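See structure below.
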Amino acid sequence: METATAFRSGFSICNRATKAALGGSDFVRVGSQLRMSPSGIKLYPSISHVKLSNRKVAFGSRKYTAIRASVSPSESGGSAAFIAPLQLESPIGQFLSQILTSHPHLVPAAVDQQLELLKTDRDAEQQKEEPSIAGTDIVLYRRIAEVKANERKKTLEEILYALVVQKFMDANVSLVPAISPSSSEPSGRIDTWPSQDDKLEHLHSAEANEMIQNHLSLILGSRLGDDSAVAQISKLRVGQVYAASIMYGYFLRRVDQRFQLEKSMKVLPPGVDNEDSSIQQVAGEDISGDRSDTSFRSTTQTHPELTSWSAGGVSPGGFGQGIKPSRLRNYVMSFDGETLQRYATIRSREAIGMIEKHTEALFGRPEIVITPQGTIDSSKDELIKISFGGLRRLVLEAVTFGSFLWDVESYVDSRYHFVAN
C-alpha cells in the first residue's frame, strides 16, 4: 500500500464538473491536474484608523515604492476580522490583505499599481540577454531567473485571490471559513455559517441560475429541498465537489458571457429554445494531455458530485433527477467539440494554482492512501457532519467563486498579459 500525501492526488479536478451542464453525460477533462501546497489560516486585524506610508517592497532583484496601510494595536483594539481562509504570503499579497481589511474598495487601484510594477520587472528581465558564460555560473543565472518567474507567478495568484475576495465583499457575501468541527454546535455539525443562498443566486443571470440549479440537483438529488437533514460525509469528497464546482462556475460564466452577447445581438444559433434538443457526448478526451494522475481514476469514473456520500442517506437513484432543459444548456450543446474543450479549460496556471490553494486552505490537506489495486483506502478518510443546506451553500459559493475567477483573470490579463493563447 502506498501513501500519497501530495494534495495533487487529493483534489485532482476532472472535467466532470461541466457534466452537470449537460445532464450527466460523459464530458471532457477540465484544465489540468491540480497540485496543492500547504497554506494556513490567518485572521487579519480590523482597522478603524489607517495610516498610509511609503515602504520598499522587495521583488527579485528590484525594489519598488508602494503605499502601505499600517495600524497600531491600540487603533485596531486587538480584534480580528475574518476575510478569507487563505493566507496571502508574498509582500504584495500581504499588502493587499491590509487593503482588503481596511478599504476594500481601493483594492482594484492597488492591484493596477502592482501589475504595472510587475510588468516593468518582467519586461526588464525579457530584454536581458543571457550572458555568454559557461559552467556553474550559467546554471546559477538560470536558477535566479526561474526563482523570479516563480515569485511573479505566486504574486499573480495572490492578486487574483484578493480580487475574487473583494468581489465577494462588494456583494456583501462572506466566504465560508476553514472547515473544522464546531465546538459550539452540540451535534458536531460544521456548517454553522449563515445561509446566503439568495445573495449568491442573484449574482448570476437567469439562464446561468437554471444551470446552477441543475448542478445542485446532480449533487443533492432528492435532498435538494431538505436543508435541515444532516449527513455524515467524507471531507475529501466534499472538497472534491467544492473544487469541481469552482471550475464549473468558471466554465459557466465564460459561456454565459458569450450567450448574453449573442442574445443581445439576436444571433443565437437555431434550436437554443428547443427544450428537447439532443445531448451529445464528448467522451473522455483530456484537454491537457496529462494523464499521469491516476490516484482518483476509480472514484471519478462518474461525475465527482455523483460519487457516493458516506453514510449520507442519499439514494444513488436520487442523483440527476430533476435535471431541467435550459436555453443556456442547449446553447452549449450547439458548440463543436473543439470549442467545447476550449471553453472548459482553465486558461492560466495561476488560476489553477489559486483554486488549489484556496481549496486546501478551506478543507485542509488530506492523507491519501492508495491500495495496490489503484483504489483509495478510506480508512483514514475524515468524516464530517453537515446539513444538506450547508452543502448547498458550499456549492453555490464555489460556483460563484469560479465565476468571479473568470472575471478577475480577464481583468488582470488585460493589464498584465499572462494567459496563454
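Being at pLDDT 85 or above, part of a helix (DSSP H, G or I) and either open to solvent by less than 20 Å² (accessible area, probe 1.4 Å) or touching a Ser or Thr at 6+ places or on another chain (Cβ under 7 Å) (or both) is a description that applies to Glu350. When the residues of the range 149-164 are filtered to those that are farther than 11 Å from Glu409 by Cα and out of contact with any Ser or Thr (no Cβ under 9 Å at 6 or more places or on another chain), the one that is most open to solvent (accessible area, probe 1.4 Å) is Asn150.
Would you point out the residue of the range 276-291, among those that are closer than 12 Å to Met333 by Cα and either open to solvent by 70 Å² or more (accessible area, probe 1.4 Å) or assigned to a helix (DSSP H, G or I) (or both), that is modelled with the highest pLDDT? Walk me through it before giving the result.
Step one: list which residues in the range 276-291 are closer than 12 Å to Met333 by Cα, which gives 276-282.
Going one step further and asking which of them are either open to solvent by 70 Å² or more (accessible area, probe 1.4 Å) or assigned to a helix (DSSP H, G or I) (or both), we end up with 276, 278-281.
Values: Asp276: 44, Ser278: 37, Ile279: 35, Gln280: 34, Gln281: 36.
Among them, the one singled out is Asp276.
Within the range 82-96, can you find the residues that are surrounded by fewer than 24 Cβ atoms within 10 Å (Cβ to Cβ) and either in a helix (DSSP H, G or I) or without any contact (Cβ under 8 Å) to a residue 60 or more places away in the chain (or both)? Once the filter is applied, which keeps residues that are surrounded by fewer than 24 Cβ atoms within 10 Å (Cβ to Cβ) and either in a helix (DSSP H, G or I) or without any contact (Cβ under 8 Å) to a residue 60 or more places away in the chain (or both), the range 82-96 yields Pro91, Gly93, Gln94, Phe95.
Close contacts from the range 118-146, counting a first residue that is modelled with pLDDT of 85 or more and a second that is surrounded by 12 or more Cβ atoms within 10 Å (Cβ to Cβ) and outside any helix (DSSP H, G or I), with Cβ to Cβ under 7 Å and a gap of 6+ residues or different chains, come to Leu118/Tyr416; Lys119/Tyr416; Asp121/Phe59; Asp121/Gly60; Asp121/Arg62. Number of residues in the range 206-234 that are open to solvent by 30 Å² or more (accessible area, probe 1.4 Å) and touching a residue at least 60 places away in the same chain (Cβ under 8 Å): the value is 10.
Does the range 179-196 contain any residue that is within 30 Å of Val419 (Cβ to Cβ) and surrounded by 15 or more Cβ atoms within 10 Å (Cβ to Cβ)? The answer is no, given that none of the residues of the range 179-196 is within 30 Å of Val419 (Cβ to Cβ) and surrounded by 15 or more Cβ atoms within 10 Å (Cβ to Cβ).
Tally time: how many residues in the range 240-263 are more than 17 Å from Val332 (Cα to Cα) and either surrounded by fewer than 22 Cβ atoms within 10 Å (Cβ to Cβ) or among the aliphatic types (A, V, I, L, M) (or both)?
Here is the first cut: in the range 240-263, the residues more than 17 Å from Val332 (Cα to Cα) are 240-246.
Retained after the next criterion (residues that are either surrounded by fewer than 22 Cβ atoms within 10 Å (Cβ to Cβ) or among the aliphatic types (A, V, I, L, M) (or both)): 241, 243-244, 246.
The number of residues fulfilling the criteria is 4.
Yes or no: Pro194 under 25 Å from Arg342 (Cα atoms), out of contact with any helix residue (DSSP H, G or I) (no Cβ under 8 Å at 6 or more places or on another chain) and assigned to a loop (DSSP other than H, G, I, E, B)?
Working: under 25 Å from Arg342 (Cα atoms): no; out of contact with any helix residue (DSSP H, G or I) (no Cβ under 8 Å at 6 or more places or on another chain): yes; assigned to a loop (DSSP other than H, G, I, E, B): yes.
So Pro194 does not fit the description; no.
Scanning the range 379-403 for residues that are hydroxyl-bearing (Ser, Thr, Tyr), open to solvent by less than 10 Å² (accessible area, probe 1.4 Å) and part of a helix (DSSP H, G or I) yields a total of 2.
The values are calculated or read from the model by the stated rules, or taken from the named source; none is laboratory data. Worth saying up front: this structure is predicted, and the values here are computed from it rather than measured. Cβ sites come from the backbone with ideal geometry, for glycine too, and all protein chains shown count toward neighbours. The accessibility values were calculated without ligands, DNA or RNA, using every heavy atom of the protein model including side chains. Shrake-Rupley method; radii C 1.70, N 1.55, O 1.52, S 1.80 Å.
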